[in-house]
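Visitor: One structure, as structure tokens, below. Some questions next.
The values are calculated or read from the model by the stated rules, or taken from the named source; none is laboratory data. Everything quoted here is computed from the prediction, not taken from an experiment. Neighbour counts are summed over all protein chains in view; Cβ atoms, including those assigned to glycine, are modelled from backbone coordinates with ideal geometry.
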Amino acid sequence: MERLNHHENTQDEDTKATEEQAGESEACPECDSERLVASDDELVCDDCGLVVEADMIDRGPEWRAFNQNERDSKSRVGAPTTQTMHDKGLTTQIDWKDKDAYGRSISSEKRSQMQRLRKWQERIRTKDAGERNLQFALSETDRMASALGVPRSVREVASVIYRRALSEDLIRGRSIEGVATACLYAACRQEGIPRSLEEVTAVSRVEQKEIGRTYRYISKELGLKMEPVDPKEYVPRFCSELGVSEEVKMKANEIIDVTAEQGLLSGKSPTGFAAAAIYAASLLCNEKQTQREVAAVAQVTEVTIRNRYQEQIEAMGIQ
């Protein structure tokens, strides 16, 4: 134990020393440039090519791995901490398989003992009702994110937003599912992942009106800076689901650019605007799609597509 502590202290000292050296060599001594690039074990100036520092300490692993199995077997650390779990992933898990390390079945006495351990492990993971509610909210966020097909980074951002709302007592008087859904929608907006409020509502157990109201309240109280959604973000996904050509996608983006410059996008739904542009582009490129098909993909009404379509073709000057 003392040797382990000594090793950790030595690593901390080495890290501090490296940071001090990096702080001292912020600029190139030859040309005073601050564009220093770390390459293998050297620190090189990107402007004049001077090697500022050589024989740097490589703090990476001393082993090599050529596939995931080798990497898992040689790695000596566990999974990184994550905000998507109530305990940040620092808990232990007891496997549900009743087998030992060699894959052999264990005795009935051991099986009953492991069953009791699993039960108590699940009970003691949360110490109070607050942690149980947090666990439920994060599991709901993970479920909805999986159904929407959003990347891991969005789940992390949604979990951080929910934790901030919890710490500022914004959840009191509101349903846990509603706040979790609103946080996921806010994370999609922040990360630039195009998911409409209708799509988020489809995978949630909360009504759309409550989600929108909770989202506006949380974004206002937490000071979340939300940029307006660009309709062009929806075009690739809608075109892929409709199976149209690349020409239609480029024409739809052109229609959105031209009409948005004329102020037609103001106050309009971005999904409906994108769907109408795709419908107009498919007509211009002789790949006609019906309004019903486009409306089903974009989850808007046919009336919305007709109205936006008429406005767009008038703005484009197309008869």
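Visitor: In region 39-61, which residue that is under 30 Å from residue 74 (Cα atoms) and surrounded by 12 or more Cβ atoms within 10 Å (Cβ to Cβ) is modelled with the highest pLDDT? Before the answer, list the steps.
Guide: Initially, region 39-61 is screened for residues under 30 Å from residue 74 (Cα atoms), giving 39-43, 54-61.
Cutting the leftovers down to surrounded by 12 or more Cβ atoms within 10 Å (Cβ to Cβ) gives us 42-43, 56, 61.
On the way: 42: 82, 43: 85, 56: 73, 61: 77.
Ranking the candidates gives 43 first.
Visitor: Given the criteria within 30 Å of residue 237 (Cβ to Cβ) and among the aromatic types (Phe, Trp, Tyr), does residue 102 qualify? Even if it seems obvious, please write down each step before you answer.
Guide: Numbers: within 30 Å of residue 237 (Cβ to Cβ): no; among the aromatic types (Phe, Trp, Tyr): yes.
No: the conditions fail for residue 102.
Visitor: Closer than 28 Å to residue 199 by Cα and surrounded by fewer than 11 Cβ atoms within 10 Å (Cβ to Cβ), is that true of residue 172?
Guide: Numbers: closer than 28 Å to residue 199 by Cα: yes; surrounded by fewer than 11 Cβ atoms within 10 Å (Cβ to Cβ): yes.
Yes.
Visitor: Let me ask something additional. Restricting attention to region 111-137, which residues are of a type in the set (Lys, Arg), assigned to a helix (DSSP H, G or I) and closer than 30 Å to residue 157 by Cα? Explain how you work it out, then say what you get.
Guide: Just the residues of region 111-137 that are of a type in the set (Lys, Arg), to begin with: 111, 116, 118-119, 123, 125, 127, 132.
Now drop any that are not assigned to a helix (DSSP H, G or I), which leaves 111, 116, 118-119, 123, 132.
Passing the criteria: 123, 132.
Visitor: Right, here's the next one. Test each condition in (1) modelled with pLDDT of 80 or more; (2) surrounded by 12 or more Cβ atoms within 10 Å (Cβ to Cβ) for residue 22 and report the one that comes out false.
Guide: Result: residue 22 fails condition (1) only.
Visitor: While we're looking at this one, here's another question. If you go through region 80-134 one residue at a time, how many are under 30 Å from residue 162 (Cα atoms), loosely packed, with under 12 Cβ neighbours inside 10 Å and of a type in the set (A, V, I, L, M)?
Guide: Residues in region 80-134 being under 30 Å from residue 162 (Cα atoms), loosely packed, with under 12 Cβ neighbours inside 10 Å and of a type in the set (A, V, I, L, M): 3 in total.
Visitor: Turning to a different aspect of this structure: Kindly list the number of the only condition in (1) over 26 Å from residue 91 (Cα atoms); (2) without any contact (Cβ under 8 Å) to a residue 24 or more places away in the chain that fails for residue 224.
Guide: Just one mismatch for residue 224, condition (2).
Visitor: Here's something else I'd like to know. Restricting attention to region 199-221, report how many residues are of a type in the set (S, T, N, Q) and touching a residue at least 60 places away in the same chain (Cβ under 8 Å).
Guide: Start the filter on region 199-221 by keeping residues that are of a type in the set (S, T, N, Q), which leaves 201, 204, 208, 214, 219.
Add one more test, that the residue is touching a residue at least 60 places away in the same chain (Cβ under 8 Å), and what stays is 204.
Count: 1.
Visitor: Tell me which residues, restricted to region 92-110, are more than 27 Å from residue 79 (Cα to Cα) and not in a loop (DSSP other than H, G, I, E, B).
Guide: Narrowing region 92-110 to residues more than 27 Å from residue 79 (Cα to Cα): 105-110.
Those that are more than 27 Å from residue 79 (Cα to Cα) and not in a loop (DSSP other than H, G, I, E, B): 105, 108, 109, 110.
Visitor: Does residue 164 count as charged (D, E, K, R), crowded, with 20+ Cβ neighbours inside 10 Å and touching a residue at least 24 places away in the same chain (Cβ under 8 Å)?
Guide: Details: charged (D, E, K, R): yes; crowded, with 20+ Cβ neighbours inside 10 Å: no; touching a residue at least 24 places away in the same chain (Cβ under 8 Å): yes.
Here the answer is no, as residue 164 does not meet what is asked.
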